[in-house]
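Written out below as structure tokens is the structure these notes cover.
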Amino acid sequence: MRRTSYPTSGYSLGTRGRRRPSRRLRTPARRGYPIIRPIIVIVVLLLGSRAFSLLQNQHEIQPVAATAHTPRPHPAVATRPVTSPRARPSPSPTPIPSELPQVKVPVLSSSWLRAHPIAETPQIKGRAAIVVDLTAGQILYQQAATTRYPEASLTKLMTAMVAADLAPLDTVITVPEAATQVEPNHMGISAGEKLTLRELLDGLLLDSGNDAAEAIAMGIVDRTSFIRFMNVKGAALHLKASHFTNPSGLDEPDHYSTAYDLAVVSATLLADYPDLRAIVGSKQISIYATPLHKAFNPINIDRLLWTYPGAIGLKPGYTGAAGYCLAAAATRNGRTIVVVVLGSTQHFTDAATLLDFGFRHPAK
């Protein structure tokens, strides 16, 4: 029988005609098997390690996810009140004092005048006048001293004392629009400017600023309460014939005083209000500009500070109904004389005449 040859293909026919792998090719396959098995084991181990890592990560992520869905408020935010701008309470207004500080009432005696008849009365133009030796507490001369008259800007002496009673001099006051509308005398303040009470008092007492008077009356308490305090102060000083209806001294039917009462007011200011005494005795004060207000340069309109030896100031004034008025004081040789003249046409000349009279007549 002829043997048939087949191409080499790695297989051979068995005895029953089946093809089987050639022995020559099976040996290389068996040699590669030990190499493949470790690789498979390594791959399985790597996959198992990865699967275990994913399971562990999933276990760790779950609490974080729960926290994210149930946020806990931060303590700083939770305790902070949340209010809209409109719901914020406005600052409390400055409380209005129920009463003014107690005051020592100056004693002005007329005992010396009764014991010393005036041989030569001082010649003045004023319709009312008084001369007082403050050092001795004696009245040296008086003319219609208890008759009511309009007193013009001498009112501002009372305004200044009440302001100092109610608030510290470094209190900041915002100028209201209404204060800038008053006529005629002006410090020159503008609505919205912020000045200290001391600066407004400078303009009140040196420039005789009616705008400063209104700004003070409206800025410390309300205007009605301030005027009420002026009358309370007058009662505390035992002013028997004075009444105030405005802080500047403008003419009004129920606004008046007397030469005697104004001498008491002047004596009180000089004795008990050193800051105000320093202001009325100043010829000029410079108020420098700040981001809150422009510059001011009030000059004292009391001419006697320049012309009368020993003058320590106080206050001049004028209105149509009051005429020219002046409260003036001077010190010589340890004596302080205060004079008041109302309804004059030459108030500075009258005041100098009255001061001369006072210094010529020592109360002993």
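Each reported figure results from applying straightforward, stated rules to the coordinates on display, with no laboratory input. In this text, all values refer to a predicted model and were calculated from it rather than measured experimentally. Here the Cβ positions follow ideal geometry from the backbone for every residue, glycine too, while neighbour counts run over all protein chains shown.
For the range 342-352, backbone phi angles converted through the Karplus equation (6.51, -1.76, 1.60; θ = phi - 60°) give residue-by-residue couplings of 10, x, 9, 9, 9, 5, 5, 5, 4, 5, 4 Hz, Gly and Pro being listed as x. Given 0.36 nm per residue, what is the gain on full extension from Val105 to His186 after removing their alpha carbon distance, in nm? Gain on extension, Val105 to His186, equals 26.0 nm.
With bins 5 Å wide beginning at 0, the percent of Cα pairs of the range 158-228 falling in each bin runs 4, 20, 34, 28, 13, 1. Positive end of the dipole of the range 244-300 (Cβ unit charges, origin at the Cα centre): among Ile287, Ser257, Pro247, the Cα lying farthest that way belongs to Ile287. Assuming a viscosity of 1.306 mPa s and a temperature of 10 °C, what translational diffusion coefficient in µm² per second does Stokes-Einstein assign to the range 267-364, Rh being the Kirkwood radius over Cα pairs? The calculation lands on 108 µm²/s.
Here's the picture: charge each Lys and Arg Cβ at +1 and each Asp and Glu Cβ at -1 in the range 115-204, and of Ala167, Leu197, Asn185 the one pushed furthest to the positive end of that dipole is Asn185.
Between Ala289 and Asn231, the contour length at 0.36 nm per residue exceeds the Cα-Cα span by 17.4 nm. Each residue of the range 159-292 gets 106 Å³ once the volume of the Cα convex hull is shared out per residue.
Here the simple spin-label model places points 7 Å from the Cα toward Cβ, and for Ala119 and Thr245 these points are separated by 4.7 nm.
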